[in-house]
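Enquirer: Here you go, one structure.
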Amino acid sequence: MGPPGVGKGTQARKLTEFLRVPHVSTGDILREAVHDGTALGKKVRPYLDAGQLVPDELMADLVAERLGRPDARVGFILDGYPRTLEQVAALDRILGRLGATLDRVFVFTTEETEVVRRLSGRRVCPNCGALYHVESRPPKGAGVCDSCSSALVQRPDDQEDVVRRRLLVYRAQTLPVLGAYRGRGIQVELDGGGEAETVYERLKKGLPEA
Ligand code: AMP
């Protein structure tokens with residue numbers, strides 16, 4: 001968990017390679033549905049474009065379906081969910097049905113100015129989802145994905161006015177969620193500032209013993 005642009009996606013991708021479990025990013029699933037023009041995509045597009053949260057019931061169905069797939073039986077990295085108190089309760093119900101528990105909840109913190117800088121310079125590969133930044137993590141060839149050579153794009157919701165809306169939404173709806181897992185002894189708060197590698201070293205220290 002953490003504000004948009006704190007580096008959740010980058011860290012989740014690193015961890016997913018290390019732990020060899022699926023990366024379940026609700027933002028990625030929703031963007032793919034929008035891109036593919038599915039019924040779900042048509043329903044959620046206005047929320048994504050406006051930087052608003054998709055309704056909790058819809059998110060619960062989507063997460064239940066994804067976590068119920070066979071590849072998630074070995075474990076998973078959940079990225080971007082839960083984001084409201086209702087989603088925390090929904091996730092408890094989903095995990096209860098699956099007989100699964102959360103090992104860790106990582107909360108990334110950083111300065112808001114840093115978040116705006118990161119998001120406005122962020123570029124993504126629409127084909128493989130790789131993440132870049134025009135200053136701190138540029139691709140080898142300008143505007144082209146290192147892994148699959150597709151042309152990089154800026155997410156529509158990374159434009160400055162939408163970024164500001166997403167930060168407001170984060171403060172109003174997601175901040176109350178922080179700490180929900182503290183009492184359960186599984187929440188680890190860490191500084192999301194600095195290079196991705198440095199943040200990843202901090203993150204690894206917070207993992208449970210293998
Ligand atoms: P993200 O890539 O995690 O920043 O998510 C991009 C957008 O997808 C958000 O601004 C929301 O519109 C939507 N979204 C992703 N995850 C959730 C969630 N857990 N609850 C509601 N909306 C979500």
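Enquirer: Could you identify the single residue in R118, R45, R93 that is within 14 Å of the ligand (Cβ to nearest atom) and either open to solvent by less than 30 Å² (accessible area, probe 1.4 Å) or without any contact (Cβ under 8 Å) to a residue 60 or more places away in the chain (or both)? Full working, then the answer.
Expert: Working: R118 fails: either open to solvent by less than 30 Å² (accessible area, probe 1.4 Å) or without any contact (Cβ under 8 Å) to a residue 60 or more places away in the chain (or both); R93 fails: within 14 Å of the ligand (Cβ to nearest atom).
Every option except R45 fails the conditions.
Enquirer: Anything in the stretch 79-90 that is of a type in the set (A, V, I, L, M) and open to solvent by 40 Å² or more (accessible area, probe 1.4 Å)? List them, or say none.
Expert: Taking the stretch 79-90 first, the residues of a type in the set (A, V, I, L, M) are 85, 88-90.
The answer is L85, and nothing else.
Enquirer: Right, something else. Taking the options Y170, Y181, name whichever one is out of contact with any strand residue (DSSP E or B) (no Cβ under 9 Å at 6 or more places or on another chain) and in contact (Cβ under 8 Å) with a residue 40 or more places away in the chain. Reasoning before the result, please.
Expert: Working: Y181 fails: out of contact with any strand residue (DSSP E or B) (no Cβ under 9 Å at 6 or more places or on another chain).
That would be Y170, the only listed residue that is out of contact with any strand residue (DSSP E or B) (no Cβ under 9 Å at 6 or more places or on another chain) and in contact (Cβ under 8 Å) with a residue 40 or more places away in the chain.
Enquirer: Same structure again: Can you tell me which residues in the stretch 127-158 are of a type in the set (S, T, Y), within 19 Å of the chain's Cα centre (by Cα) and open to solvent by 80 Å² or more (accessible area, probe 1.4 Å)?
Expert: none
Enquirer: Moving on. Restricting attention to the stretch 68-90, which residues are in contact (Cβ under 8 Å) with a residue 40 or more places away in the chain, within 13 Å of the ligand (Cβ to nearest atom) and part of a helix (DSSP H, G or I)?
Expert: L85, Q87, V88
Enquirer: Let me ask something additional. Do the conditions hold for D56, that is, is it surrounded by 13 or more Cβ atoms within 10 Å (Cβ to Cβ) and touching a residue at least 24 places away in the same chain (Cβ under 8 Å)?
Expert: On the way: surrounded by 13 or more Cβ atoms within 10 Å (Cβ to Cβ): yes; touching a residue at least 24 places away in the same chain (Cβ under 8 Å): yes.
Yes, satisfied.
Enquirer: Looking at R166, R123, R171, which is the one that is within 12 Å of the ligand (Cβ to nearest atom), under 17 Å from the mean Cα position of the chain (by Cα), basic (K, R) and at negative phi? Talk me through it step by step, then tell me what you get.
Expert: On the way: R123 fails: within 12 Å of the ligand (Cβ to nearest atom); R171 fails: within 12 Å of the ligand (Cβ to nearest atom).
None of the others qualify; the one that does is R166.
Enquirer: Which one is most open to solvent (accessible area, probe 1.4 Å), of the residues in the stretch 168-180 that are in a helix (DSSP H, G or I) and over 9 Å from G51 (Cβ atoms)?
Expert: R171
Enquirer: Do you know which residues across the stretch 10-24 are open to solvent by less than 20 Å² (accessible area, probe 1.4 Å), in a helix (DSSP H, G or I) and within 13 Å of the ligand (Cβ to nearest atom)?
Expert: Q11, A12
The values are calculated or read from the model by the stated rules, or taken from the named source; none is laboratory data. Quantities reported herein were computed from a predicted structural model and do not represent experimental measurements. Note that each Cβ is placed from the backbone with ideal geometry, even for glycine, and that neighbours are counted across all protein chains shown. Accessible surface is based on the protein model in full, side chains and every heavy atom, while ligands, DNA and RNA are left aside. Shrake-Rupley method; radii C 1.70, N 1.55, O 1.52, S 1.80 Å.
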